[in-house]
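A.B. asks: I have a structure I would like to understand better, so I am pasting it below and will then ask my questions one at a time.
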């Protein structure tokens, strides 16, 4: 936050990158926007932090290309959360269909908020925007899977998500390509 001359407002400090940071504990507005190719740099940085959370090795170039392909081809929808013009979280959703339910559903595949901004309502706002996308697109709903020890389960349940106790989740993975093994 700055005054009309561009100087930080009292109590705010300027970060290394020139973005003005609010004092600790200050309630800062959250902006949610649909990400596109112009947001690729900040999105890639968040995406790599998300992948590190799931213990994946860093691959910033491959991550950037992956995101770029999804966005260029319209294969996913990504919403970016910002506070004070800084990207602080994102959610990525993939469209699919349910044969049993005869309609579109969205897979909420990725949800991430930077650790220092958790507990400020950012994840809630991203979940809310995801629900809006489902409604706007006429989808039947949203599905997700998460690690059994992920504390975000409380967030999902607080937003009306229900744990599926009727169906099992199976997975088959293609054997690892030795050229990609590290």
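FYI, it's all coordinate maths here, none of it is from the lab. All of these numbers come straight from a predicted model, not from anything done at the bench. Neighbour counts run over all protein chains shown; Cβ positions are idealised from the backbone, glycine included.
A.B. asks: Could you please find all residues in segment 72-104 being over 21 Å from residue 38 (Cβ atoms) and without any contact (Cβ under 8 Å) to a residue 12 or more places away in the chain?
C.D. replies: 96, 97, 99, 100, 102
A.B. asks: With closer than 14 Å to residue 46 by Cβ and more than 14 Å from the chain's Cα centre (by Cα) as the only criterion, which of 69, 116, 75 stands out?
C.D. replies: On the way: 69 fails: closer than 14 Å to residue 46 by Cβ; 75 fails: closer than 14 Å to residue 46 by Cβ.
Every option except 116 fails the conditions.
A.B. asks: So which residues in segment 30-65 are outside any helix (DSSP H, G or I), farther than 23 Å from residue 128 by Cα and in contact (Cβ under 8 Å) with a residue 24 or more places away in the chain, if there are any at all? I'd like the intermediate steps shown before the answer.
C.D. replies: If we filter segment 30-65 for residues that are outside any helix (DSSP H, G or I), which is where we start, we get 30-36, 54-59.
From what's left, farther than 23 Å from residue 128 by Cα: 54-59.
Within segment 30-65, 54, 57 meet the criteria.
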